[in-house]
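The values are calculated or read from the model by the stated rules, or taken from the named source; none is laboratory data. All values reported here derive from a predicted model rather than from experimental measurement. Heads up, the Cβs are rebuilt from the backbone with ideal geometry, glycines too, and the neighbour counts pull from every protein chain shown.
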Amino acid sequence: MNNNRLILIGLLIPAILMIPFSIISFYTDFANRNPDSLSVSVNFDQKEYNAVEGKKAFEQYQCMGCHTIVGNGAYFAPDLTTVHKRIGENDAALSNFILSGAPAKGMPHMLDRGMKEDDAYRITAFLKYTNMLDTNGWPGAGSWERDGNPDSTSAKKLAISDIWQALSGIVFINLLIFAIILAYENKKNDGEA
Ligand code: HEC
């Protein structure tokens, strides 16, 4: 086999490998798709409140002045991304907590700030939605270390079934290097001839 053919093979195989890789990257993107915020809702008093109106109420009452969502916001109070889970996925319990707060610990009594019950349920719908976001497990049990306990989340471990990704990456890079070296050798031989 002459060098030109080897170069072609070395370039063609990675090029062909790119096709399944591209498809797989699309597939995993779609598999991680977050829920539709309009379809995430909670019921209160025979009405339905969705996460989009909840976000507006969340902004209106300036929860971000103290809290964070996926790490964005202020660092006075706990991250609320997964608080819906922490509170046992109980919509009423979360809404009631938001309304009454914990003034002794710095969480304002929202009823005193003019919050209506329906707004608390709207916000709960929003927090239900943030809890469904694909954050790769972050922040686990919570992100707050006020009690001195470190965050219990550990990084996602690489599964043995993912090893094919590493292997095909190695094959891919090696074939490319192989093709480049052959091209270089070819050029050198041409020069000498
Ligand atoms: C002035 C600052 C401040 C504002 C504004 C504020 N919070 Fe808080 N919030 C806190 C603090 C501090 C705590 C932690 C209380 C504790 O020690 O239990 C807290 C706790 C919470 C918790 C319980 C967290 C957990 O991990 O169990 C929820 C839920 C919550 N707040 C929701 C809200 C919502 C929703 C808003 C907006 C309507 C809001 N907070 C506005 C300070 C604030």
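Side notes on the structure shown:
- Hits in region 31-55 - residues which are closer than 15 Å to residue 98 by Cα and surrounded by fewer than 19 Cβ atoms within 10 Å (Cβ to Cβ): 44
- Matching residues, region 1-59, being polar (S, T, N, Q) and modelled with pLDDT of 90 or more: 37, 39, 41, 43, 46, 50
- Residues that are buried (at least 18 other Cβ atoms within 10 Å of the Cβ) and in a helix (DSSP H, G or I), drawn from region 111-124: 119, 120, 121, 122, 123, 124
- Search result, residues across region 57-85 that are near the ligand (Cβ under 6 Å from one of its atoms), more than 15 Å from residue 129 (Cβ to Cβ) and in contact (Cβ under 8 Å) with a residue 24 or more places away in the chain: 61, 66, 76, 77, 78
- Top-ranked residue of region 133-184 - restricted to ones that are β-branched (Val, Ile, Thr) and surrounded by 15 or more Cβ atoms within 10 Å (Cβ to Cβ), ranked as modelled with the lowest pLDDT: 153
- Of all the residues in region 95-117, those that are more than 6 Å from the ligand (Cβ to nearest atom) and in contact with a Ser or Thr (Cβ under 9 Å, 6 or more places away or on another chain) number 4.
- Scanning region 82-110 for residues that are part of a loop (DSSP other than H, G, I, E, B) and touching a Gly at 6+ places or on another chain (Cβ under 8 Å) turns up 82, 108, 109, 110.
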